[in-house]
Structure formats: C-alpha cells, structure tokens
Amino acid sequence: MKNCYVYIRVSTDDQKNGFSPDNQKRACLEYAQNQGYHVKKIFDDGGKSGRTTDRPDFQEMLDRIKNNKDVDSIIFYKIDRFARNVSDFSETKKWLTSEGIELISVMEGNISNGSSLIANIFASVAEWESEVNGQRTRDALMQKFREGWQPSPLYLGYRSVGGEKERKTCEPDPYVAPIIKELFELYATGNYSILELQEWLSKKNVISRKGTGLGHSVIDNILRNPYYYGLIRWHGESKIGNHKPIIKKDLYDTCQYVLAKHRSFLVRRRKYDYLLRGFLYCYHCDQRYTAEPHPNHSINKPGSIEYYHCQKRDRNGCPAPYVEMSEIEQLVEQEFKKLEFSEEFVTTVVKKTKEVLEQNRTSASSTKQGLLNQMNALEARRNNLEDVLLDGTMDRESFKRRHNELQRQIMNLNDQLIELENKGKIDINLIEEVLAFTRNIHQAYTEAPKFLKRHYLRFFFEKIVVKNKKIYKVVPTPIFKLLKNRHEIIIRNSWLPREDSNLQPCD
C-alpha cells in the first residue's frame, strides 16, 4: 500500500462554495481509500490565502517530505486548494516531482505525469479567479464606505446587524457601548492613566475578541479612534458615517488633549499628589514648579514641611525662593473669591443639569438590562460546568479553574449592579455640587475634596505665575476667556496688579 499526505485549504469566502474543510477532507479520504492509499497525516491551512506558499501547514508538509521521504503522493481537492499562483505552483510541482512525489487532485486527477501545460493552465485560471475575487472584494468594501459604513472589522463597543459580509451594518452594543463612553469620560478628566483604565475595564469584564484583557496599546487606540464620534476612514478618505456615535466630538477632542499631555501631571501616577502641581510657573524662567516635603528642624514642629519651588532653582541658579505649600494654596484659594457667575448662566446650568440627569436615568435602565442579560448567560455557563463535573467528563483541576473565573465575572457584575443602583444618589450629589459651584464658586472650591479642586483649577486656570512667593498673574483657560467675554462670569475687583509689583491684568 502506498503512503500519502492529504492537504486541504480553505478561506472564508470558500466556505460558501462547497470548499469547507469537512467537504475537502471527506473527498480526499474517500479518494485515498478507493485508490489504496494510506493517509499518514492531514495538513490543514484553514483561513489561509493560496496566493503564496507561505502557509504554516503547507511548509510543514514540504519539510517532512524533504527530511523523511515517507510518502509517495500528496492528495488535495483541487489545484486552487494547492496554489493560486502559477510560478509558485510550477516551482513546487517541479521540486516534488524530482523527489518522486505525485500530485493528485481529486477533481483534476494525477497532474504529475505527462505535460505540465494542463496543470499550469489550471493554476493560471486559479490565479485569475483569485485576482478577480480580490478586486470584487475591494470594490464592495469601497462601495460600503461610499454608502457611509466602515468597511473594516467592527470596533469594540459595536455589534453587527443585518446583511452578509460587506452588506452588514452595525449598532452600539447595549452593554459595552456605555462602558466605552464612560472610558472616554474618565480619561478626559485627566485623573486616570491608561494602566488604571486597564484595571477598570477588567473589572467590567470587557475583553478582546480572543478572550484576553485589553492591552495598553488597545486602550490607547480606542481613545485615539475618531470612529467613536462618527468619523469613518478608508484608503486615505474620511467622512461622517451612518453609524450611531458613542461619544460627542468635544469629548473626543478633550481626550486627544489629555493624550498629548501624557508626560505631564494629567495622567501620571505620583508618589506625592500635590494640589497645585502643573499649575504654578516661575516668573523668572517660566518653568513649572515642583513640590516635595523637606525635613522640619524646628523643635516645636517636628516632622516635615512641604514646599513648591522652581525646578531650576538648585540646578541653574534660578533666584525664585521656595514657597510653603499652605501659603501659596491659600493665595490661590483667594483668587476664587473674585469669581462669580451671572444669574443667566446659573439658570442655563441648572436646565442642562436636569437634562443630563434624565439622560443618565434612561441610560441606567438600558445598562441594567444588559448587565442582567450577561449575568444570566454567565450563570447558565456555570450551571453547565457544574453538570459536566457531575457527569465525570471534566477533571477537577480544570473545573476549579474555569468555575473560579466564572464566579469572578459574576461577582464583578454584581458589583456593577450595586454601583448602578447607587448612581441615582450620585446624580443627585452631582446636581448639588454643580449648583453650589455656580452659585458660590469660592465656597464650592474650599469645601471640595482635592480631586474636585483640581477640576475647578483646570476649568479656570491655564497657569498661575509666581514671583517672590506671591501670585504675579493668572492665565485663564480658553473656556474661561470665552465666559468672561460673554459676560457670563463676573470678576469682582477685577484681576488688577498686585500691591507689591508693577503687574498687568490677566490676559
């Protein structure tokens, strides 16, 4: 009895044309049995293109022939399963023939004997079909883009709906989309690093298509992807697509600003988290102030004292003196006494806040249902797993590992449901905070926790310039300038020059 290898290959498109792995395998094995061949191994390059010979199983098969010489023939379904490139086919066929290996196609017969003209014609037709199919696919994808849909695979947060292949469209995933939106919102605050967001997403059970946690680069790509606010791109062209955006463009733009500042205070974990780090600048050299604790050698006040100072003071001889943390933070707090919103602006804020509250309530209802659906699915999988253990078809170690993972995911979902139940209370607290902020800026700032104070600082001040332990001038943010110009914020006593200097009003 002669020995042979069986080789099968299938791409996604081939599945619809009767070239599935099972069909090819059955036809090849039946042929081998009828012709008296003993099949030593089946090589399967599922999902691989036939345009090159750089296919894992194909190369392994050639290596075994070269090293073992333990077969007489290779059986495959059709020539286009073996190769779709004439030059590769001819070269491979020539080498195999020299090794005494016959090439047998179930559909075209033994192509090793006689003239190679017929075999090359078959290979040429296969190559031509491959090129035509490729062009048709490219044309279909471009047409999909022209119709307003992204041709590439779906991004995290969306799911496919309707149609087949290029005709499929998408919609936001009811569970993942709200999490992606919250991901952007959290990062836009500037208080979260991507590493912290990785941990947060893991607790939300948001994973990749391979079932693994989202990597640092994946989250970075999500935050940089304009698709989430509606923009689609294809081969150098871009336009607003038909899909429903998950976020608004202004939120996306804010995240791009934070990403651009990734080396500053916005996203870095620090040993000491000082309130004014990143806001204070030196009058003499325009360097950002830094801060750290220093030993206190006073007998009456043992311990340490915390100071802000110019980064060039010790290295480059900058004359700016150290300023004690409590002193400069008190001066910054006084700046908020000068600020007051107009009554018209307060009314508008209250109206918008009520709209946000209503949107959150609607979103919470949808999110809750998504969480419950996911929990039901996980509990069903856990129950099935327990049944498998009782049937004795799974070893104890495998059961324990998989059961613990399901339990962890279910517990995470429970935590999210509890968090969602508390969201109404959080929303009310948010309204109270917004109202307090708009009606009395100084009081809201002084009573706020540190993380919220940094939000207030970031809202108003681009930088605060320090000279001789005093505030020389403050540079407002673009949004603060806009509010001031529209008279929606009032500056009491104006920001006039300080008493001990020839200062200019803030820009």
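Could you list, in their original order, any pairs among Lys354/Lys481; Lys2/Lys94; Lys2/Lys25; Lys210/Lys249; Lys48/Lys93; Lys66/Lys93 whose Cα atoms are separated by more than 24 Å?
Lys354/Lys481; Lys210/Lys249
On full extension of the chain, what length is gained from Thr189 through Arg381, given 0.36 nm per residue of separation minus the C-alpha to C-alpha distance?
On the way: separation 192, 0.36 × 192 = 69.12 nm, distance 3.75 nm.
Extra length from Thr189 to Arg381 when fully extended: 65.4 nm.
What ranking, highest mean first, results for peptides 463-472, 322-331, 74-83 when packing means the other Cβ atoms within 10 Å averaged over each residue? Please list the in-between numbers first.
Values: 463-472: 18.0, 322-331: 15.6, 74-83: 23.8.
Averaged packing, sorted descending, gives the order 74-83, 463-472, 322-331.
How do Met411, Met1, Met61 rank when sorted from fewest to most other Cβ atoms within 10 Å of their own Cβ?
Details: Met411 11, Met1 7, Met61 20.
Fewest-to-most ranking of Met411, Met1, Met61: Met1, Met411, Met61.
Near Lys368, which lysines are there with a Cα under 18 Å away, not counting those fewer than 8 places off in the same chain?
Lys181, Lys203, Lys204, Lys423, Lys425
Just to be sure I understand the model, the point goes 7 Å from the Cα along the line to the Cβ. What's the resulting Thr97 to Gln407 distance in nm?
Going by the 7 Å Cα→Cβ label model, 6.5 nm.
How far is it, in nm, from the label point at Asn242 to the one at Thr348 when both lie 7 Å from their Cα along the line to the Cβ?
Here the answer is 3.7 nm between the modelled labels.
Readers should treat all values here as calculations from the given coordinates under stated rules, not as data from a laboratory. Computed from a prediction, not measured in an experiment: that's the story for all the values here. Glycine also receives a Cβ, built like all others from the backbone with ideal geometry; neighbour counts cover every protein chain displayed.
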